[in-house]
Amino acid sequence: MTLLVYGASGYTGTLVAERAAERGLPLVVAGRRADEVVTLGRRLNVEHRVFSLDAPADVDRGMAGVTVVLNCAGPFVRTAQPLVSACLRARAHYLDVTGEIAVFEALFERDDEARAAGIMLLPGTGFDVVPSDCLAAHLHRRLPTATHLSLAFRAGGRMSRGTARTSIEGAGQGGRIRRDGALTRVPAGHRTIEVDFGRGPRKAIAIPWGDVFTAYVTTGIPNIEVYIAVPARVRVGLRLTRLLGPVLRAGPVQRLLKARLQAGPAGPTAEERRQGNSLLWGRARDPSGAVVVSRMETPEGYELTRLTAVASAERALAGEVRAGFQTPARAFGTDFVLGFPGVQREDLPLVSASKSA
Ligand SMILES: NC(=O)c1ccc[n+]([C@@H]2O[C@H](COP(=O)([O-])OP(=O)(O)OC[C@H]3O[C@@H](n4cnc5c(N)ncnc54)[C@H](OP(=O)(O)O)[C@@H]3O)[C@@H](O)[C@H]2O)c1
(Lines give C-alpha, C1' and ligand atoms only; values in the text may rest on other atoms or scores of the structure.)
Protein backbone atom coordinates (compact mmCIF):
# COMPACT_ATOMS: atom_id res chain seq x y z
CA MET A 1 0.00 0.00 0.00
CA THR A 2 1.60 3.26 -1.10
CA LEU A 3 0.29 6.80 -1.43
CA LEU A 4 2.07 8.96 -3.99
CA VAL A 5 1.56 12.72 -3.63
CA TYR A 6 2.41 14.37 -6.95
CA GLY A 7 3.28 18.09 -7.00
CA ALA A 8 4.35 17.56 -3.42
CA SER A 9 6.76 20.50 -3.34
CA GLY A 10 4.09 23.07 -4.31
CA TYR A 11 2.28 25.06 -1.63
CA THR A 12 -0.73 22.74 -1.32
CA GLY A 13 1.31 19.61 -2.08
CA THR A 14 3.62 20.34 0.84
CA LEU A 15 0.71 20.89 3.25
CA VAL A 16 -0.79 17.61 2.06
CA ALA A 17 2.49 15.67 2.24
CA GLU A 18 3.15 16.96 5.76
CA ARG A 19 -0.32 15.90 6.85
CA ALA A 20 0.06 12.45 5.25
CA ALA A 21 3.41 11.99 7.03
CA GLU A 22 1.82 13.16 10.31
CA ARG A 23 -0.86 10.47 9.82
CA GLY A 24 1.87 7.87 9.31
CA LEU A 25 0.65 6.95 5.81
CA PRO A 26 2.94 4.93 3.53
CA LEU A 27 4.00 8.01 1.60
CA VAL A 28 6.08 8.75 -1.49
CA VAL A 29 6.54 12.41 -2.43
CA ALA A 30 6.93 13.19 -6.11
CA GLY A 31 7.19 16.03 -8.60
CA ARG A 32 9.24 17.32 -11.48
CA ARG A 33 11.68 19.55 -9.55
CA ALA A 34 14.48 17.36 -8.28
CA ASP A 35 16.00 19.75 -5.73
CA GLU A 36 12.68 20.57 -4.04
CA VAL A 37 11.32 17.01 -4.05
CA VAL A 38 14.55 15.57 -2.63
CA THR A 39 14.64 18.19 0.13
CA LEU A 40 11.02 17.53 1.05
CA GLY A 41 11.49 13.75 1.05
CA ARG A 42 14.49 14.09 3.36
CA ARG A 43 12.70 16.49 5.70
CA LEU A 44 9.69 14.17 6.02
CA ASN A 45 11.90 11.10 6.01
CA VAL A 46 9.96 9.43 3.21
CA GLU A 47 10.79 8.11 -0.25
CA HIS A 48 10.95 10.65 -3.06
CA ARG A 49 10.56 10.20 -6.84
CA VAL A 50 11.39 12.77 -9.48
CA PHE A 51 9.54 12.56 -12.81
CA SER A 52 7.74 14.89 -15.17
CA LEU A 53 4.45 14.06 -16.87
CA ASP A 54 5.72 14.53 -20.42
CA ALA A 55 6.51 10.90 -21.31
CA PRO A 56 4.16 8.02 -20.33
CA ALA A 57 7.13 5.68 -19.73
CA ASP A 58 8.55 8.08 -17.09
CA VAL A 59 5.17 8.35 -15.39
CA ASP A 60 4.80 4.55 -15.36
CA ARG A 61 8.23 4.20 -13.74
CA GLY A 62 7.32 6.86 -11.15
CA MET A 63 4.10 5.02 -10.35
CA ALA A 64 5.67 1.61 -9.70
CA GLY A 65 4.04 -0.08 -6.71
CA VAL A 66 1.65 2.81 -6.02
CA THR A 67 -1.89 2.12 -4.75
CA VAL A 68 -3.27 5.67 -4.57
CA VAL A 69 -2.16 8.89 -6.31
CA LEU A 70 -3.08 12.25 -4.81
CA ASN A 71 -2.34 14.88 -7.44
CA CYS A 72 -1.64 18.39 -6.10
CA ALA A 73 0.01 19.73 -9.28
CA GLY A 74 -2.24 22.34 -10.83
CA PRO A 75 -3.49 23.78 -13.11
CA PHE A 76 -4.89 20.27 -13.43
CA VAL A 77 -5.94 20.62 -17.06
CA ARG A 78 -2.32 19.77 -17.80
CA THR A 79 -1.55 17.20 -15.10
CA ALA A 80 -4.70 15.15 -14.50
CA GLN A 81 -4.85 13.23 -17.79
CA PRO A 82 -1.27 11.84 -17.85
CA LEU A 83 -1.61 10.73 -14.23
CA VAL A 84 -5.06 9.19 -14.80
CA SER A 85 -3.74 7.30 -17.82
CA ALA A 86 -0.88 5.95 -15.72
CA CYS A 87 -3.33 5.04 -12.91
CA LEU A 88 -5.43 3.07 -15.40
CA ARG A 89 -2.36 1.18 -16.57
CA ALA A 90 -1.12 0.56 -13.00
CA ARG A 91 -4.62 -0.02 -11.52
CA ALA A 92 -4.06 2.69 -8.92
CA HIS A 93 -6.77 5.00 -7.59
CA TYR A 94 -6.59 8.65 -8.67
CA LEU A 95 -7.46 11.61 -6.40
CA ASP A 96 -6.73 15.31 -6.80
CA VAL A 97 -7.62 18.75 -5.45
CA THR A 98 -8.88 20.36 -8.63
CA GLY A 99 -11.79 22.76 -8.82
CA GLU A 100 -11.61 23.10 -12.63
CA ILE A 101 -14.85 22.18 -14.44
CA ALA A 102 -12.91 21.08 -17.54
CA VAL A 103 -11.01 18.53 -15.46
CA PHE A 104 -14.13 17.09 -13.82
CA GLU A 105 -15.71 16.87 -17.26
CA ALA A 106 -12.68 15.15 -18.83
CA LEU A 107 -12.34 12.60 -16.00
CA PHE A 108 -16.07 11.87 -16.07
CA GLU A 109 -15.54 10.85 -19.70
CA ARG A 110 -13.16 8.15 -18.44
CA ASP A 111 -15.72 6.60 -16.07
CA ASP A 112 -16.09 3.43 -18.19
CA GLU A 113 -12.33 2.90 -18.40
CA ALA A 114 -12.00 3.37 -14.65
CA ARG A 115 -14.83 0.90 -13.93
CA ALA A 116 -13.26 -1.65 -16.26
CA ALA A 117 -9.91 -1.25 -14.47
CA GLY A 118 -11.60 -1.33 -11.05
CA ILE A 119 -10.13 2.01 -10.00
CA MET A 120 -11.67 5.11 -8.49
CA LEU A 121 -11.33 8.56 -10.08
CA LEU A 122 -12.01 11.09 -7.34
CA PRO A 123 -11.12 14.64 -8.35
CA GLY A 124 -11.97 17.57 -6.07
CA THR A 125 -10.94 16.31 -2.63
CA GLY A 126 -10.05 19.82 -1.38
CA PHE A 127 -12.07 22.85 -0.28
CA ASP A 128 -13.57 22.74 -3.70
CA VAL A 129 -15.58 20.49 -3.76
CA VAL A 130 -15.75 18.52 -0.49
CA PRO A 131 -17.88 20.86 1.70
CA SER A 132 -20.08 22.14 -1.13
CA ASP A 133 -20.59 18.64 -2.54
CA CYS A 134 -21.66 17.39 0.89
CA LEU A 135 -23.92 20.45 1.28
CA ALA A 136 -25.51 19.76 -2.12
CA ALA A 137 -26.11 16.11 -1.15
CA HIS A 138 -27.57 17.21 2.20
CA LEU A 139 -29.98 19.66 0.53
CA HIS A 140 -31.04 16.94 -1.87
CA ARG A 141 -31.63 14.62 1.08
CA ARG A 142 -33.80 17.32 2.69
CA LEU A 143 -35.75 17.97 -0.53
CA PRO A 144 -35.51 14.95 -2.85
CA THR A 145 -37.90 16.60 -5.34
CA ALA A 146 -35.54 19.57 -5.85
CA THR A 147 -35.02 20.79 -9.41
CA HIS A 148 -32.96 23.92 -8.68
CA LEU A 149 -29.84 24.26 -6.54
CA SER A 150 -27.83 27.37 -5.70
CA LEU A 151 -24.58 27.14 -3.77
CA ALA A 152 -22.53 30.06 -2.48
CA PHE A 153 -19.38 30.47 -0.47
CA ARG A 154 -17.28 33.12 1.16
CA ALA A 155 -13.65 32.13 1.35
CA GLY A 156 -11.90 33.80 4.26
CA GLY A 157 -8.24 34.58 3.58
CA ARG A 158 -6.21 34.80 0.42
CA MET A 159 -5.43 32.56 -2.51
CA SER A 160 -2.22 30.64 -3.00
CA ARG A 161 -0.04 31.51 -5.99
CA GLY A 162 -1.07 28.25 -7.68
CA THR A 163 -4.78 28.98 -7.24
CA ALA A 164 -4.27 32.49 -8.64
CA ARG A 165 -2.35 31.00 -11.60
CA THR A 166 -5.19 28.57 -12.25
CA SER A 167 -7.73 31.43 -12.06
CA ILE A 168 -5.70 33.49 -14.52
CA GLU A 169 -5.76 30.59 -16.97
CA GLY A 170 -9.55 30.43 -16.61
CA ALA A 171 -9.99 34.23 -16.94
CA GLY A 172 -11.87 35.44 -19.95
CA GLN A 173 -13.56 32.08 -20.54
CA GLY A 174 -16.99 33.25 -19.32
CA GLY A 175 -19.32 31.57 -16.84
CA ARG A 176 -20.91 28.10 -16.65
CA ILE A 177 -24.13 26.87 -15.10
CA ARG A 178 -26.21 23.68 -15.27
CA ARG A 179 -29.45 24.17 -17.12
CA ASP A 180 -31.81 21.21 -17.58
CA GLY A 181 -28.88 18.89 -16.87
CA ALA A 182 -26.54 20.38 -19.48
CA LEU A 183 -23.41 22.45 -18.83
CA THR A 184 -24.32 25.80 -20.31
CA ARG A 185 -22.15 28.83 -21.09
CA VAL A 186 -23.29 32.19 -19.70
CA PRO A 187 -21.55 35.57 -19.58
CA ALA A 188 -19.05 35.94 -16.70
CA GLY A 189 -20.82 36.95 -13.48
CA HIS A 190 -24.20 36.71 -15.24
CA ARG A 191 -26.15 36.99 -11.99
CA THR A 192 -25.76 38.52 -8.52
CA ILE A 193 -27.85 37.29 -5.60
CA GLU A 194 -28.15 38.15 -1.94
CA VAL A 195 -27.00 35.44 0.45
CA ASP A 196 -27.17 35.25 4.24
CA PHE A 197 -24.40 33.02 5.53
CA GLY A 198 -25.81 33.64 9.01
CA ARG A 199 -24.13 37.03 9.49
CA GLY A 200 -26.44 39.28 7.49
CA PRO A 201 -27.02 39.63 3.75
CA ARG A 202 -24.05 39.69 1.36
CA LYS A 203 -23.92 40.11 -2.42
CA ALA A 204 -22.62 37.04 -4.24
CA ILE A 205 -21.81 36.75 -7.94
CA ALA A 206 -22.04 33.67 -10.17
CA ILE A 207 -18.78 31.85 -10.95
CA PRO A 208 -17.94 28.69 -12.95
CA TRP A 209 -16.91 26.69 -9.87
CA GLY A 210 -16.40 22.91 -9.93
CA ASP A 211 -19.75 22.16 -8.29
CA VAL A 212 -21.55 23.16 -11.48
CA PHE A 213 -20.24 19.81 -12.71
CA THR A 214 -20.04 17.69 -9.57
CA ALA A 215 -23.26 18.61 -7.73
CA TYR A 216 -25.23 17.28 -10.69
CA VAL A 217 -23.36 13.97 -10.55
CA THR A 218 -23.98 13.78 -6.80
CA THR A 219 -27.62 14.85 -6.69
CA GLY A 220 -29.07 14.70 -10.21
CA ILE A 221 -30.57 18.17 -9.64
CA PRO A 222 -30.71 19.53 -13.20
CA ASN A 223 -30.33 23.30 -12.57
CA ILE A 224 -27.28 24.42 -10.62
CA GLU A 225 -25.55 27.75 -10.09
CA VAL A 226 -22.57 28.58 -7.87
CA TYR A 227 -21.80 31.99 -6.36
CA ILE A 228 -18.98 33.65 -4.46
CA ALA A 229 -19.42 36.53 -2.00
CA VAL A 230 -16.84 39.18 -2.85
CA PRO A 231 -16.59 42.99 -2.50
CA ALA A 232 -18.26 45.23 -5.10
CA ARG A 233 -14.95 46.07 -6.87
CA VAL A 234 -14.27 42.36 -7.48
CA ARG A 235 -17.80 41.85 -8.82
CA VAL A 236 -17.28 44.74 -11.23
CA GLY A 237 -13.90 43.28 -12.28
CA LEU A 238 -15.44 39.89 -12.91
CA ARG A 239 -18.15 41.34 -15.11
CA LEU A 240 -15.53 43.39 -16.99
CA THR A 241 -13.83 40.16 -18.08
CA ARG A 242 -16.75 39.80 -20.52
CA LEU A 243 -15.34 42.67 -22.53
CA LEU A 244 -11.72 41.79 -21.91
CA GLY A 245 -12.05 38.05 -22.60
CA PRO A 246 -9.91 37.87 -25.77
CA VAL A 247 -7.29 40.17 -24.20
CA LEU A 248 -7.09 38.11 -21.01
CA ARG A 249 -6.71 34.90 -22.97
CA ALA A 250 -3.84 36.28 -25.06
CA GLY A 251 -0.43 34.71 -24.39
CA PRO A 252 1.50 37.91 -23.56
CA VAL A 253 -1.17 39.08 -21.09
CA GLN A 254 -1.28 35.64 -19.45
CA ARG A 255 2.52 35.67 -19.11
CA LEU A 256 2.52 39.19 -17.65
CA LEU A 257 -0.16 38.36 -15.06
CA LYS A 258 1.63 35.13 -14.04
CA ALA A 259 5.01 36.89 -13.79
CA ARG A 260 3.50 39.39 -11.35
CA LEU A 261 2.31 36.47 -9.21
CA GLN A 262 5.81 35.08 -8.76
CA ALA A 263 6.66 38.08 -6.59
CA GLY A 264 3.91 37.31 -4.09
CA PRO A 265 3.90 34.79 -1.23
CA ALA A 266 3.27 31.10 -2.04
CA GLY A 267 0.05 31.07 -0.01
CA PRO A 268 -1.52 31.89 3.35
CA THR A 269 0.78 31.58 6.37
CA ALA A 270 0.17 28.93 9.03
CA GLU A 271 -1.30 31.65 11.26
CA GLU A 272 -3.66 32.84 8.51
CA ARG A 273 -4.80 29.27 7.92
CA ARG A 274 -5.42 28.73 11.62
CA GLN A 275 -7.34 31.98 12.06
CA GLY A 276 -9.36 31.99 8.83
CA ASN A 277 -12.68 30.36 8.13
CA SER A 278 -15.00 29.79 5.19
CA LEU A 279 -18.76 30.04 4.97
CA LEU A 280 -21.06 28.13 2.65
CA TRP A 281 -24.75 28.46 1.87
CA GLY A 282 -27.03 26.33 -0.25
CA ARG A 283 -30.65 26.53 -1.35
CA ALA A 284 -32.73 23.91 -3.12
CA ARG A 285 -36.23 24.33 -4.43
CA ASP A 286 -38.73 22.09 -6.16
CA PRO A 287 -41.51 22.74 -8.70
CA SER A 288 -44.13 23.10 -5.95
CA GLY A 289 -42.19 26.09 -4.56
CA ALA A 290 -40.86 24.29 -1.46
CA VAL A 291 -37.45 25.67 -0.44
CA VAL A 292 -34.74 24.41 1.90
CA VAL A 293 -31.66 26.37 2.95
CA SER A 294 -28.65 25.01 4.82
CA ARG A 295 -25.42 26.71 5.83
CA MET A 296 -21.99 25.54 6.77
CA GLU A 297 -18.90 26.93 8.44
CA THR A 298 -15.53 25.32 7.82
CA PRO A 299 -11.87 26.04 8.52
CA GLU A 300 -9.94 28.24 6.07
CA GLY A 301 -9.81 26.73 2.55
CA TYR A 302 -6.20 25.43 2.46
CA GLU A 303 -6.47 24.17 6.03
CA LEU A 304 -9.60 22.20 5.10
CA THR A 305 -7.99 21.03 1.85
CA ARG A 306 -5.03 19.40 3.60
CA LEU A 307 -7.42 17.61 5.99
CA THR A 308 -10.02 16.44 3.46
CA ALA A 309 -7.55 15.47 0.72
CA VAL A 310 -5.45 13.34 3.06
CA ALA A 311 -8.51 11.79 4.72
CA SER A 312 -9.82 10.86 1.26
CA ALA A 313 -6.49 9.27 0.35
CA GLU A 314 -6.38 7.46 3.67
CA ARG A 315 -9.83 5.98 3.06
CA ALA A 316 -8.86 4.94 -0.46
CA LEU A 317 -5.71 3.27 0.90
CA ALA A 318 -7.90 1.41 3.39
CA GLY A 319 -9.94 0.02 0.50
CA GLU A 320 -12.94 2.36 0.80
CA VAL A 321 -13.27 2.81 -2.93
CA ARG A 322 -15.96 2.76 -5.59
CA ALA A 323 -14.80 2.05 -9.10
CA GLY A 324 -15.40 4.77 -11.68
CA PHE A 325 -15.78 8.53 -11.51
CA GLN A 326 -16.84 9.64 -8.03
CA THR A 327 -17.59 12.82 -6.16
CA PRO A 328 -16.60 13.20 -2.48
CA ALA A 329 -20.17 12.81 -1.19
CA ARG A 330 -20.79 9.77 -3.38
CA ALA A 331 -17.53 8.15 -2.34
CA PHE A 332 -17.65 8.87 1.40
CA GLY A 333 -21.21 9.96 2.19
CA THR A 334 -23.23 13.13 2.59
CA ASP A 335 -21.87 13.77 6.09
CA PHE A 336 -18.19 13.15 5.24
CA VAL A 337 -17.28 16.81 5.79
CA LEU A 338 -18.82 16.88 9.29
CA GLY A 339 -16.02 14.62 10.52
CA PHE A 340 -13.43 17.43 10.35
CA PRO A 341 -12.72 19.79 13.24
CA GLY A 342 -14.31 23.22 12.89
CA VAL A 343 -17.04 22.12 10.45
CA GLN A 344 -20.61 22.92 11.40
CA ARG A 345 -23.84 22.65 9.44
CA GLU A 346 -27.11 24.44 10.15
CA ASP A 347 -30.54 23.82 8.59
CA LEU A 348 -33.14 26.56 8.21
CA PRO A 349 -36.72 25.23 8.36
CA LEU A 350 -38.30 24.08 5.10
CA VAL A 351 -40.52 26.74 3.59
CA SER A 352 -43.45 25.14 1.84
CA ALA A 353 -45.16 26.44 -1.27
CA SER A 354 -48.06 28.00 0.63
CA LYS A 355 -45.70 29.86 2.99
CA SER A 356 -43.32 31.02 0.24
CA ALA A 357 -46.21 32.19 -1.97
N1 LIG B 1 -9.90 22.73 -5.06
C2 LIG B 1 -9.34 23.28 -4.02
O3 LIG B 1 -9.98 23.51 -3.03
C4 LIG B 1 -7.87 23.59 -4.06
C5 LIG B 1 -7.17 23.83 -2.88
C6 LIG B 1 -5.82 24.10 -2.98
C7 LIG B 1 -5.19 24.14 -4.22
N8 LIG B 1 -5.92 23.90 -5.32
C9 LIG B 1 -5.30 23.91 -6.65
O10 LIG B 1 -4.10 23.17 -6.58
C11 LIG B 1 -3.19 23.66 -7.53
C12 LIG B 1 -1.86 23.88 -6.86
O13 LIG B 1 -1.95 25.00 -6.02
P14 LIG B 1 -0.66 25.46 -5.19
O15 LIG B 1 -1.03 26.66 -4.46
O16 LIG B 1 -0.12 24.30 -4.45
O17 LIG B 1 0.34 25.84 -6.41
P18 LIG B 1 1.92 25.85 -6.45
O19 LIG B 1 2.50 26.22 -5.13
O20 LIG B 1 2.26 26.69 -7.65
O21 LIG B 1 2.32 24.34 -6.75
C22 LIG B 1 1.98 23.71 -7.93
C23 LIG B 1 2.85 22.47 -8.06
O24 LIG B 1 2.44 21.75 -9.20
C25 LIG B 1 3.54 21.54 -10.07
N26 LIG B 1 3.11 21.55 -11.46
C27 LIG B 1 2.36 22.46 -12.08
N28 LIG B 1 2.19 22.15 -13.36
C29 LIG B 1 2.85 20.98 -13.55
C30 LIG B 1 3.05 20.14 -14.69
N31 LIG B 1 2.54 20.44 -15.87
N32 LIG B 1 3.79 19.03 -14.52
C33 LIG B 1 4.32 18.70 -13.33
N34 LIG B 1 4.18 19.47 -12.22
C35 LIG B 1 3.46 20.60 -12.34
C36 LIG B 1 4.46 22.69 -9.78
O37 LIG B 1 5.75 22.37 -10.21
P38 LIG B 1 6.69 23.54 -10.82
O39 LIG B 1 7.11 24.37 -9.65
O40 LIG B 1 7.79 22.78 -11.46
O41 LIG B 1 5.85 24.30 -11.81
C42 LIG B 1 4.32 22.79 -8.27
O43 LIG B 1 5.11 21.83 -7.60
C44 LIG B 1 -3.82 24.89 -8.14
O45 LIG B 1 -4.41 24.53 -9.38
C46 LIG B 1 -4.90 25.27 -7.16
O47 LIG B 1 -5.97 25.94 -7.75
C48 LIG B 1 -7.24 23.63 -5.28
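The values are calculated or read from the model by the stated rules, or taken from the named source; none is laboratory data. Since the structure is predicted, the reported quantities are computational estimates derived from the model, not experimental observations. For neighbour counting, all protein chains shown are included, and Cβ atoms are generated from backbone atoms with ideal geometry for every residue, glycine included. To get the accessible areas, we keep the full protein, side chains included, count just its heavy atoms, and leave off ligands, DNA and RNA. Shrake-Rupley method; radii C 1.70, N 1.55, O 1.52, S 1.80 Å.
Some observations on this one:
- Computed over the range 142-255: relative contact order in percent, which uses C-alpha pairs under 8 Å that are six or more apart: 34
- Cα gyration tensor category, rounded, prolate or oblate, for the range 71-187 with a/c compared to 1.5: oblate
- When the range 149-272 is reduced to its Cα atoms, the Kirkwood hydrodynamic radius in Å: 15.7
- Each DSSP beta bridge with both residues in the chain is either parallel or antiparallel, and the antiparallel ones are about 60%.
- Charge dipole of the chain about the Cα centre (unit charges at C-beta), most positive-ward option of T192, Q81, I168: T192
- Summing charges over neighbours of R178, with a neighbour being any other residue whose Cβ is under 13 Å away from its Cβ, gives -1 when K and R count +1 and D and E count -1.
- The angle separating the long axis of helix 161-170 from the principal Cα axis of greatest extent in the chain is about 60 degrees.
- The accessible surface of the range 245-301, taken with every protein chain in place and a 1.4 Å probe, is 58 percent carbon and sulfur.
- Measuring nothing but how far apart in sequence close Cα pairs (under 8 Å, 6+ apart) lie, relative to its length, the range 213-357 scores a relative contact order of 24 percent.
- Euclidean distance of C-alpha centroids, the range 234-297 and the range 188-211, integer Å: 11
- Formal net charge of residues neighbouring A64 (Cβ-Cβ distance under 15 Å; K, R +1; D, E -1): +1
- The fraction of accessible area contributed by carbon and sulfur in the range 1-143 is 48 percent, rounded to a whole number (1.4 Å probe; ligands and nucleic acids excluded).
- As a rough guide to protection, the peptides 323-335, 100-112 ranked by mean Cβ packing within 10 Å, highest first, stand as 323-335, 100-112.
- The packing ranking of peptides 159-172, 84-97, highest mean first, is 84-97, 159-172, where packing means the average number of other beta carbon atoms within 10 angstrom of each residue.
- Whether the range 51-128 is rounded, prolate or oblate, judged on the alpha carbon gyration tensor where a/c under 1.5 counts as rounded: oblate
- Relative contact order, percent, the chain [alpha-carbon distance under 8 Å, six or more residues apart]: 21
- Computed over the alpha-carbon atoms, the range 1-157 gives an Rg to Rh ratio of 1.01, Rh here being the Kirkwood radius from the mean inverse distance.
- Protection proxy ranking, highest mean first, for peptides 13-19, 282-288: 13-19, 282-288, where packing is the per-residue count of other beta-carbon atoms within 10 Å, averaged.
- The label point for D54 and the one for R179, both projected 7 Å from the Cα toward the Cβ, are 4.3 nm apart.
- Cα gyration tensor category, rounded, prolate or oblate, for the chain with a/c compared to 1.5: prolate
- Solvent exposure of the chain as accessible area per residue, Å², 1.4 Å probe: 43
- Note on R322/L243: beta-carbon distance plugged into 1/(1 + (r/R0)^6) with R0 of 41 Å gives a FRET efficiency of 0.40.
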